[in-house]
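Written below as structure tokens is the structure these notes are about.
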Amino acid sequence: MSRSIIRADIAEAIYQNIGLSRNESAEIVATILDEISKSLEAGEKVKISSFGSFSVNSKNERVGRNPKTGQEVPITPRRVMTFRPSHILRDLVNSSS
């Protein structure tokens, strides 16, 4: 079973590779993630070179259907976040399988 990478893993990698203290590494990770979150919340697109881009799209209200009963149900308007990997990341992922 695969393991998920967590915030602490990223901070540990910064600590190991750059040599900052563990607290400084954790603060850097928190600052980066906060900036990404604030930008997405404001509706801005976030591009990370050689990794991919995050964007927020608005979806209008529409009618959905409960697959079990077939009953029509209104789906409220909402904002959804999407991630599109860069071709470099996509090639890395596809070549490792």
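The table below lists the values:
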{"read-out": "Residues located in segment 2-60, provided they are surrounded by fewer than 12 Cβ atoms within 10 Å (Cβ to Cβ), closer than 24 Å to V93 by Cβ and of a type in the set (A, V, I, L, M)", "value": "I5, I6"}
{"read-out": "Residue list for segment 77-96, restricted to those being of a type in the set (A, V, I, L, M, F, W, C) and either touching a helix residue (DSSP H, G or I) at 6+ places or on another chain (Cβ under 9 Å) or closer than 14 Å to E44 by Cα (or both)", "value": "V80, M81, F83"}
{"read-out": "Count of residues meeting criterion [assigned to a loop (DSSP other than H, G, I, E, B), on the phi < 0 side of the Ramachandran plot and small (G, A, S)] in segment 38-80", "value": "2"}
{"read-out": "Any hit, segment 14-24, residues being among the β-branched types (V, I, T), touching a helix residue (DSSP H, G or I) at 6+ places or on another chain (Cβ under 8 Å) and at pLDDT 95 or above", "value": "no"}
{"read-out": "Within segment 81-97, considering residues that are part of a loop (DSSP other than H, G, I, E, B) and over 26 Å from I36 (Cα atoms), the one modelled with the lowest pLDDT", "value": "S97"}
{"read-out": "Any chance S53 is under 18 Å from the mean Cα position of the chain (by Cα) and without any contact (Cβ under 8 Å) to a residue 40 or more places away in the chain", "value": "yes"}
{"read-out": "Residue within segment 6-22 that is at positive phi, more than 17 Å from the chain's Cα centre (by Cα) and not polar (S, T, N, Q) present", "value": "yes"}
{"read-out": "Residue in segment 62-77 that is surrounded by 10 or more Cβ atoms within 10 Å (Cβ to Cβ), out of contact with any strand residue (DSSP E or B) (no Cβ under 8 Å at 6 or more places or on another chain) and touching a residue at least 12 places away in the same chain (Cβ under 8 Å) present", "value": "no"}
{"read-out": "Test result for E35, in a helix (DSSP H, G or I), within 14 Å of the chain's Cα centre (by Cα) and under 26 Å from A11 (Cβ atoms)", "value": "yes"}
{"read-out": "Residues (assigned to a helix (DSSP H, G or I) and among the polar types (S, T, N, Q)) located in segment 21-32", "value": "N23, S25, T31"}
{"read-out": "Unique match (being out of contact with any Gly (no Cβ under 9 Å at 6 or more places or on another chain) and under 20 Å from P85 (Cα atoms)) among S21, S4", "value": "S4"}
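The values are calculated or read from the model by the stated rules, or taken from the named source; none is laboratory data. Treat the numbers as computed from the prediction; the structure is a model and nothing was measured. Because the Cβ atoms are built from the backbone with ideal geometry, glycine has one as well, and the counts that use them run over all protein chains shown.
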